[in-house]
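The values are calculated or read from the model by the stated rules, or taken from the named source; none is laboratory data. Being a predicted model, the structure only gives us computed values, none of them experimental. Neighbour counts are summed over all protein chains in view; Cβ atoms, including those assigned to glycine, are modelled from backbone coordinates with ideal geometry.
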């Protein structure tokens, strides 16, 4: 494709453009220079107004700062190209050759930075859709961590052990994203095993007392505590308790510790897998 586009640049048109530029500089006059200066000044004034209107629009739309910066810079480049075309058009340079040359250069650059452009497109998608923001704990691109910065090419995540991982936005936009902190409430799901000898109502009531006494547990929606399954050597109980999002892990670990202590206090056993080995002495 690149070779095809290169052949589209007509050598005769390129030679003609060079001859026009050479003749222009030979016949350059003060009036022509003033006209070009006024033309540039008018284009720059229009450019400034357009960029200001764009920035105000971004503020009303509440776009992310990274996306604002990218769009502002991209529009500035486009406006400068338009200004260049206007000035060269005034001089008399054929636009077909200029446009074809710019197209070939753009294609060559895009092929050289294809991976970067993929991450850039992913960054724009993330910034526009806003699946997360700085401070959220997410799972994205196969990495879990707290979002530190959402850039155009990479998103920085801080892991629980304080490592900062820069994940390419191309990977994030192409996979599922799990945001653990965007909602105000989260549900803690736990399972406990008790012996078949312990009455289910007694086990459920013991767990309910632990949940009811915990200050971080919410009771709207009401906690759910029921028999979940009958295992080989124990009865499995499921516990579902709602809490404020930032209290998830403290409540999770507190319930694991406090339910075990309550089981021991009330004589409820928690069976575990074990193997009985019987040795017999062979008779001589």
Subject >> Sole residue being within 27 Å of residue 58 (Cα to Cα) and modelled with pLDDT of 75 or more, chosen from 176, 156 >> reply: 156
**OP:** Could you identify the single residue in 280, 252, 272, 237 that is in contact with a strand residue (DSSP E or B) (Cβ under 9 Å, 6 or more places away or on another chain) and at pLDDT below 95?
**Re:** 272
**OP:** Kindly establish whether residue 153 is touching a helix residue (DSSP H, G or I) at 6+ places or on another chain (Cβ under 6 Å), free of Cβ contacts under 8 Å to residues at least 40 places away in the same chain, over 25 Å from residue 249 (Cβ atoms) and not assigned by TED's automatic domain parsing to the domain that holds residue 249.
**Re:** yes
Subject >> From 79, 101, 67, residue being surrounded by 15 or more Cβ atoms within 10 Å (Cβ to Cβ), in a helix (DSSP H, G or I) and modelled with pLDDT of 75 or more >> reply: 79
Original post:
Given the stretch 176-252, what strands (runs of 3 or more DSSP E) lie entirely inside it while holding 2 or more residues that are in contact (Cβ under 8 Å) with a residue 60 or more places away in the chain?
Top reply: 185-194
**OP:** Working only within the stretch 121-150, note down all residues that are part of a loop (DSSP other than H, G, I, E, B) and under 13 Å from residue 173 (Cα atoms).
**Re:** 130, 131, 132, 141, 142
Original post:
Out of (1) surrounded by 18 or more Cβ atoms within 10 Å (Cβ to Cβ); (2) within 23 Å of residue 244 (Cβ to Cβ), what's the single condition that is false for residue 169?
Top reply: (2)
Original post:
Of the residues that make up the stretch 251-265, is at least one closer than 30 Å to residue 136 by Cα, within 32 Å of the chain's Cα centre (by Cα) and surrounded by fewer than 16 Cβ atoms within 10 Å (Cβ to Cβ)?
Top reply: yes
Original post:
For residue 273, which of the numbered conditions (1) surrounded by 11 or more Cβ atoms within 10 Å (Cβ to Cβ); (2) closer than 29 Å to residue 197 by Cβ; (3) touching a residue at least 24 places away in the same chain (Cβ under 8 Å) fails to hold?
Top reply: (1)
Original post:
With respect to residue 215, is the statement that it is within 21 Å of residue 267 (Cβ to Cβ) and surrounded by fewer than 18 Cβ atoms within 10 Å (Cβ to Cβ) true?
Top reply: no
